[in-house]
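The structure's right below; bear with me while I get my questions together.
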Amino acid sequence: MINRIALSACGLAAVTLAVACEPIRRTHGYAPRPAQLAEVVVGTDSQAEVAGKIGRPTTVGAFDSDEWFYITRSTEARAFFEPKVVSQEVVVVAFDDSGIAQSVDSYGLEDGRIVNLVTKTTPTRGKRLTFLQQLLGNVGKFNTEQFLGSGGGL
């Protein structure tokens, strides 16, 4: 009887651990499929026609709106580990000054850097300190005269 209970508990623990290690997959963003991209006629289609055929872009160029970017990324996370980028696709549609499509290019994860869609962090200048460096960084830098004045009395 006790062996059966112990065996059941071990089996339940093994199943729980196996399920907990299952990766969580997430996909963010939108990139048109190759069949949709084939509908875009380079040299003929305007920005409005491109938007009608493949949708509005994820983002546009930083300094001008002559380049449209469609970005999709899939990540996989296991347990408490940092998510790992599994796949990424960036489609770039470039337009000339009159708004006519000049090129349609696709880039994968192997073609460049990972595009961070949402970082949820604020970049700062200067050096990055660890928690302990921040905590212990000011030890010994101050003396009582700075706080109490030159008299030193309370």
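I want to confirm something. Restricting to the stretch 39-76 and keeping residues that are touching a Phe, Trp or Tyr at 6+ places or on another chain (Cβ under 6 Å) and in a loop (DSSP other than H, G, I, E, B), which single residue is farthest from Gly112 (Cα to Cα)?
Residue satisfying both the conditions and the ranking: Asp66.
Another question, if that's okay. Go through (1) modelled with pLDDT of 80 or more; (2) more than 30 Å from Asp45 (Cβ to Cβ) for Lys127 and report which single condition fails.
With (1) modelled with pLDDT of 80 or more; (2) more than 30 Å from Asp45 (Cβ to Cβ) applied to Lys127, the lone miss is (1).
Name the residues in the stretch 34-53 that are surrounded by 10 or more Cβ atoms within 10 Å (Cβ to Cβ) and within 20 Å of Gly108 (Cα to Cα), would you?
Across the stretch 34-53, the qualifying residues are Gln36, Leu37, Ala38, Val40.
I would also like to ask the following. So, in the stretch 54-93, how many residues would count as being more than 21 Å from Leu109 (Cβ to Cβ) and either out of contact with any Pro (no Cβ under 8 Å at 6 or more places or on another chain) or at pLDDT below 90 (or both)?
Residues that pass the stated criteria total 10.
Can you report the number of residues in the stretch 77-109 which are outside any strand (DSSP E or B) and of a type in the set (Val, Ile, Thr)?
Here the count works out to 0.
The values are calculated or read from the model by the stated rules, or taken from the named source; none is laboratory data. What you are looking at is a predicted structure, and each value in this text was computed from that prediction instead of being measured. For neighbour counting, all protein chains shown are included, and Cβ atoms are generated from backbone atoms with ideal geometry for every residue, glycine included.
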